[in-house]
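Read the structure below first, then the notes.
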Amino acid sequence: MASSTLVWLRNDLRIGDNPALAAALKNDAPVHAVYVLEQDKGLRALGGAAKAWLHESLKVLNSDLAGRGVRLHYCEGESKTLIPELVGTTAAERVYWNRRYDPGGRAHDSALKTGLRADGIEVESFNGSLLIEPWDIATKQGTPYGVFTPFWNALRDKPIAEPIGRIEKHEPIDPPALELGITPGWADGMMAHWSVGENRAKHMLTDFLDDLLVNYPRDRDVPRKHGTSQMSPHLRFGEISPRQIWFAVRHLIDAKPAMAEAGGKFLSELAWREFSYHLLYHRENIANHSMQERFDAIDWRSDTSALHAWQKGQTGIPIVDAGMRQLWQTGWMHNRVRMLTGSLLTKNLLIDWRKGERWFWDTLVDADPANNPASWQWVAGCGADAAPYFRIFNPVTQGEKFDPDGEYVRRWVPELKDLPDKWVHKPWMADAGVKDKAGLKLGATYPEPIVDLKASRSRALDTLKR
């Protein structure tokens, strides 16, 4: 059997700007790619929503890779065993992959790399997921950044490598039959809201830059509007790279200087993702450990019924319920509402942020190993660059500000669709006549609030201050 090159795909399900794949295709030897649904100890298993996305994305990628002459393999189990086995069955002399940055993944990959090299296999890893490696950006003291704004200022001055241009193409093959053992289960229905794959991601970026970016600084906070790129799941699975987005925006700003403010704001959000990976790399497992250790002393409440009400969008707080139902049905939630739902759970209900992070990990199609825990710690106040503990979002005033006509709430909480705008974010305050006219019976057709916002805010402040 002729020797080959094996590319191990993880969060990089694309052809373009894929350093590991590009390096493999430069060789004359046949190229095989593999995706392993990993079950190794120490690695975080994908949530249900992510599996649903992955199932569809791999089917698209299989066809795309075949057009480049690359055969895609799929397997489930322990990659520490499966990768060496596949090296043998494909007669691979080289194994390439793009790096991951969580502590467990890094340790796992390092051990596998050592073992393969000991067997005489060439192994090389690349940066296929970030604008800049976490070890290539540091404070003036040479320490990792812990505050976003200085990190963002430094990142803007760093040279970012341009996306890989032309990728070599081998003789096309017929797409192999891909037997996906992935069982999305409950999350399968949410994929009706999405189209997946590299080409879809590129089209979404183009449409966003052409039509939505100009109003992005204003519209990004309005849940009822399609004002954000909604590209986070494509980024999470690497159907598009952050470098491709970065340079597309930079080129637009160069061509249209009037777009500098809007483009800069969007790039700063891309930089937040980058900052989250910086934290993921330089700190202990941030999905389990508070970045500010003093918050480990919090006496979190154990309230299973409240947690379940929050998960199912039955808290009686309309904009929170709207967000949680949007999440359950689509696998995505507007970012402003993510902050409000997280604040209610961690501050008003005083439930451990890790329980919220794990729920989002299972139900978000864009559940990212860095963004998800870093953002939860930001809301909870225990992150490296967190909202101060005394910042507690009021979901009523936030709803009135960012969803003033209640359109977002009415879409996802139809029980409240006939309430006047004045009461749609605080139905418990409407008088009996208003509720009767709207066909609303609190405690029957829609829940009473599970928590008093004012009293729970005081309780949170007292607890967190201690």
Neighbour-count ranking for Ile83, Ile160 (other C-beta within 10 angstrom, fewest to most) reads Ile160, Ile83
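Quick one: grab the alpha carbon gyration tensor of region 4-126, order the square roots of its eigenvalues as a ≥ b ≥ c, and give me rounded if a/c is under 1.5, else prolate or oblate depending on whether a/b is larger than b/c.
Taking the square roots of the gyration eigenvalues as a ≥ b ≥ c, region 4-126 is oblate.
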Inter-part gap, Cα centre of region 264-286 to Cα centre of region 1-58, in whole angstrom, is 23 Å
Shape call for region 243-317, from the Cα gyration tensor axes a ≥ b ≥ c (a/c under 1.5 means rounded, otherwise prolate when a/b beats b/c, else oblate), comes out oblate
Row for region 338-407, column shape: gyration tensor on C-alpha, a ≥ b ≥ c, rounded if a/c < 1.5 i.e. under 1.5, prolate if a/b over b/c, else oblate; value oblate
For 282-291, 309-318, ranked highest to lowest by mean beta-carbon neighbours within 10 Å, the order is 309-318, 282-291
Reduced to Cα centres, the span from region 92-156 to region 448-463 in Å works out to 42 Å
Checked against a 24 Å limit on the C-alpha separation, the offending pairs among Lys140/Lys465; Lys312/Lys355; Lys422/Lys454 are Lys140/Lys465
Once both label points are put 7 Å beyond Cα along the C-beta direction, the Arg218-Gln39 separation in nm becomes 5.4 nm
Residue span Lys465 to Asn285: 0.36 nm per residue of separation minus Cα-Cα distance leaves a gain in nm of 62.3 nm
With the 8 Å Cα cutoff and a minimum separation of six or more residues, the chain has a relative contact order in percent of 17 percent
Under the 7 Å Cα-to-Cβ spin-label approximation, Ala111 and Glu85 lie apart by a distance in nanometres of 1.8 nm
The FRET efficiency for Asp157 and Phe390, from their Cβ-Cβ distance with R0 = 41 Å and rounded to 0.05, is 0.80
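Can you tell me how much longer the chain between Ala258 and Glu407 gets when fully stretched, taken as 0.36 nm per residue apart minus their C-alpha distance, in nm with one decimal?
Details: separation 149, 0.36 × 149 = 53.64 nm, distance 3.12 nm.
So the extension gain works out to 50.5 nm.
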Sorted by chain and then number, the residues having a modelled amide H within less than 5 Å of the amide H of Ala92, at least 5 places away or on another chain, are Ser4
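Relative to the present Cα-Cα distance, how much length would full extension add between Ser3 and Asn199 at 0.36 nm per residue of separation?
67.4 nm
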For Lys80, counting only lysines whose alpha-carbon sits under 25 Å away and dropping same-chain residues fewer than eight positions off, the answer is Lys41, Lys51, Lys59, Lys113
Filtered hits (aspartates and glutamates, Cα-Cα < 16 Å from Lys401, offset >= 8 within chain) -> Asp219, Asp221, Asp421
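Values quoted throughout were computed directly from the atomic coordinates according to the rules given, and no laboratory measurement underlies them. The structure displayed is predicted, hence computed values, not measured ones. Because the Cβ atoms are built from the backbone with ideal geometry, glycine has one as well, and the counts that use them run over all protein chains shown.
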